[in-house]
Amino acid sequence: MSEESKGPPREGSLDAPFRRPIEWRDPDYYDLEKVHAELQRQFDVCHTCRRCFNLCDSFPRMFDAIDEGPTGEVDGIGTKEHDHVDEACTLCDMCFLTKCPYVPPHPFDIDIPHLILRYRAAKRRAGHREGMREQLGRTDRNGKLAKPVAPVANWASARTNTPLRKLLEAIAQVDAEVELPKFHSRTASDRLKGPMQPNPEGPAFGKRKVAIYATCFVEYNEPDVAVAAAKVLARQGCEVKLVYPECCQMPQLEAGDVAGVAATAGRVARAFAPYVAEGYDIVSLTASCGLMMKFEWPLMAGDDPDVVKLSAATRDVCEYVVELSKAYGLAEGLATLDEGVTVHHACHARAQNMGAKSAEMLKLVPGLKVDIVERCSGHGGTFGVMKATHGVANKVGRPAARQVVAKGAGTLCSDCPLACKHMVQLIADDPKVETPAPAQAHPIAVMARAYGVL
């Protein structure tokens, strides 16, 4: 199918959507005057449609600004309103993927998340940077600094440590009420230094080799997830190695550093190139990183053959287990779990357009009650922890948290560990909720428990 629509514009589109390459090398990409003009053009289409009003706070801000402006149309807003809409966007991609009838190949050519990305890149090039948010986004540096002093770092950043958290809020604008991730003295790479021996009785034995991409969050903050993934995959008979060159740079993408992300994509792709050449499947452990490797990197570095090959070889960990189950069946030994699980289908998992693979995987556990919540958690990386936007993150996430409570399961899983943590805190802090907040876990950790290996 041609990428360009034929004939006159029509209302909506039934054609398969696609995304245009991110033209970050073109000087026009950073021309603020042209970016503002494109914001006005696309906002005008959004204004006349309004299907996205209930996805996040960006669209209500846009529509309110237009409605309350002097003309009641898009020509009554400007840069200030553009900034206000930009502030609330977490680049979740749900408007592009689930709501908008005007995405390419429709001639209206609407892609608000990537337009917001361009706006941030242009502002960044013009000298506007959010220094503290960018420092928080340097996850590898922060994780390496915290590793040797992890107990002290965790004590200092604990929400119960009010004096230090208030100081952190004053200095770094990190909201004192946010439960921050914990660091570990032994990272995922420390715990999985050598390849894990595959189960010779596993149905995939001799057929599959896996290089697990730890992701920065699992490497430094939840290393047990990597161990769980390695054990589950080895149980299937897969040869398993952990590979972690560096962060995928999703935080830098959110900050508009597109050139930096493209450079990282090339470095990580070169690190994985020998594994891809040897027939390894690449498995990502968090949804945002899988989205970056599969979709975002090729849009900004599609001329790099290693990036393209890595994209084709990458699977989400739950997606991969489901793939194994369909190709070979699963290894014996899955036991029933009594707890019941609610799966939060994270936005960046949905944006991969692969279906609810975490829920599909957990339904393979005999007798396990699995429910799904498919609303945004509101967290959005650094968006959910900064003082300026934490309140908005809570506002967006509360409906999802209420759905989790209504399901009544003992465990909440999410493809996005930050989303899971955020919703558990929302539930725990809600005075209207009388039951304890659910335990939080990565779906692959639940699978490992069912196998009795974690």
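For this structure, a couple of remarks:
- Residues of the range 146-158 classified as open to solvent by 60 Å² or more (accessible area, probe 1.4 Å) and either at positive phi or over 24 Å from the mean Cα position of the chain (by Cα) (or both), total: 5
- Within the set 343, 370, 385, the sole residue that is modelled with pLDDT of 95 or more and crowded, with 24+ Cβ neighbours inside 10 Å turns out to be 343.
- Screening residue 363 against (1) surrounded by 22 or more Cβ atoms within 10 Å (Cβ to Cβ); (2) closer than 27 Å to residue 441 by Cβ; (3) at pLDDT 95 or above leaves a single unmet condition, (1).
- Extreme residue, least open to solvent (accessible area, probe 1.4 Å), among residues of the range 134-143 that are in contact (Cβ under 8 Å) with a residue 12 or more places away in the chain and more than 18 Å from residue 383 (Cα to Cα): 143
- Here 102, 119 are screened, and the one residue that is crowded, with 20+ Cβ neighbours inside 10 Å, in a loop (DSSP other than H, G, I, E, B) and touching a residue at least 24 places away in the same chain (Cβ under 8 Å) is 102.
- For the range 217-225, the criterion of being part of a strand (DSSP E or B) and either modelled with pLDDT of 95 or more or buried (at least 21 other Cβ atoms within 10 Å of the Cβ) (or both) is satisfied by no residue at all.
- Total residues in the range 255-267, condition in contact (Cβ under 8 Å) with a residue 24 or more places away in the chain and within 18 Å of the chain's Cα centre (by Cα): 7
- Only residues that are in a loop (DSSP other than H, G, I, E, B), more than 30 Å from residue 137 (Cβ to Cβ) and among the aliphatic types (A, V, I, L, M) were counted across the range 183-216, and they come to 1.
- Inside the range 284-325, residues that are free of Cβ contacts under 8 Å to residues at least 24 places away in the same chain and in a helix (DSSP H, G or I) make up a count of 6.
- Evaluating residue 165 against the criteria (1) within 20 Å of residue 284 (Cα to Cα); (2) without any contact (Cβ under 8 Å) to a residue 24 or more places away in the chain; (3) touching an Asp or Glu at 6+ places or on another chain (Cβ under 9 Å); (4) not polar (S, T, N, Q) leaves one unmet condition, (1).
The values are calculated or read from the model by the stated rules, or taken from the named source; none is laboratory data. Being a predicted model, the structure only gives us computed values, none of them experimental. Because the Cβ atoms are built from the backbone with ideal geometry, glycine has one as well, and the counts that use them run over all protein chains shown. Protein only, heavy atoms only, side chains kept; ligands, DNA and RNA dropped before computing areas. Shrake-Rupley method; radii C 1.70, N 1.55, O 1.52, S 1.80 Å.
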